[in-house]
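Laboratory data are not the source of any read-out in this text; all were calculated from the coordinates shown. Worth saying up front: this structure is predicted, and the values here are computed from it rather than measured. Cβ atoms come from the backbone with ideal geometry, glycine included; neighbour counts cover every protein chain shown.
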């Protein structure tokens, strides 16, 4: 089970990174972006198509990252232009429409068949006592920790972070102080879109790469973000890594492996029930 748990850290690191994107978007742009991973899928498939046309991996990966960034920025512009005054619930619901639209565009542009994704992070990094640590696992875990640390430093130690927090906590006051809210919002969408594509470039070559299953990685990412309460970057990383490790461990237990995909749903349900405990107990009294 330990080997399975370590193998699951590749997926766990991806959940953590996507969860960080969801957390930052909710904290700073007031939206739970259900289209977060689907944006990265556009970049991933752009990379695959350019690779099939003979592009080397480096330029193809850059093309994919650029495509995801531009798509995310466009969606951020739409959200800021037409739904700038909407509440978080409405904006999150609109992101579901973005998700469906991106899947439709992806199917039309790239077809519906899964593609073999070229990658640079396959194989093992090292083995200790018979337990293998893969390159993808190491990159995902280290990357999610570095992203969380970098985001924390930007938010707490820079003028940009101060402006982003002001925009999130006091949007009217921020605009009165000439903080460019729309540009910052579009920038947040673009940065998280770039990060989503980068994560998929690492993990997608190691698993089934159809658009729907990849886009639905937003569900375990949401579970990771819920562990952090959509506020704490550190707890979000821990939640994502924990979910991935648990899924990997269950995959190595014959009697339980069929239930591994239910782990994020159970986690979401448990967290939501726990978060409502006070209201339920108060009503019972």
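Please find, in a Gaussian network model of the chain (springs between Cα atoms separated by less than 10 Å), the residue of 18, 83, 126 whose mean-square fluctuation is greatest.
Result for the chain, Cα springs under 10 Å: 126 fluctuates most.
Pull out a ≥ b ≥ c, the square roots of the eigenvalues of the alpha-carbon gyration tensor of region 14-112, then state rounded if a/c is under 1.5, prolate if not and a/b is larger than b/c, and oblate in the remaining case. Could you put the intermediate results ahead of the total?
On the way: a/c = 2.34, a/b = 1.87, b/c = 1.25.
Prolate shape, in that a/c is at least 1.5 and a/b is the bigger ratio.
Stretch residue 132-residue 149 to full length: gain in nm at 0.36 nm per residue minus the Cα-Cα span? Write out the running numbers ahead of the final one.
Numbers: separation 17, 0.36 × 17 = 6.12 nm, distance 2.65 nm.
Taking 0.36 nm per residue and subtracting the Cα distance, the gain is 3.5 nm.
Can you compute the label reach from residue 212? Point 7 Å from Cα along the Cβ direction, backbone N cut-off under 16 Å, restricted to region 12-42.
38
With a/c under 1.5 counting as rounded, go ahead and sort region 63-115 into rounded, prolate or oblate using the C-alpha gyration tensor (a ≥ b ≥ c being the square roots of the eigenvalues; past the cut-off, prolate if a/b is larger than b/c, else oblate).
Details: a/c = 3.33, a/b = 1.75, b/c = 1.90.
It is oblate, given that a/c is not under 1.5 and a/b is not larger than b/c.
Set the Förster distance to 22 Å, then compute FRET efficiency between residue 93 and residue 232 from the Cβ-Cβ distance, nearest 0.05.
Working: r = 25 Å, r/R0 = 1.12.
Between residue 93 and residue 232 the formula returns 0.35.
Quick one: which of 261-269, 223-231 comes out on top by average Cβ neighbours within 10 Å, and what's the full order, highest first? Could the numbers behind the result be given before it?
Numbers: 261-269: 16.0, 223-231: 22.4.
Per-residue mean Cβ counts within 10 Å order the peptides as 223-231, 261-269.
If you take the square roots of the eigenvalues of the alpha-carbon gyration tensor of region 2-284 and sort them as a ≥ b ≥ c, do you get rounded (a/c under 1.5), prolate (a/b over b/c) or oblate?
On the way: a/c = 1.63, a/b = 1.18, b/c = 1.39.
It is oblate, given that a/c is not under 1.5 and a/b is not larger than b/c.
Report the label-to-label distance for residue 159 and residue 70 in nanometres (one decimal), using points 7 Å from each Cα along the Cα→Cβ vector.
3.1
Between region 4-22 and region 86-116, what is the separation of their alpha carbon centroids in Å?
That distance is 22 Å.
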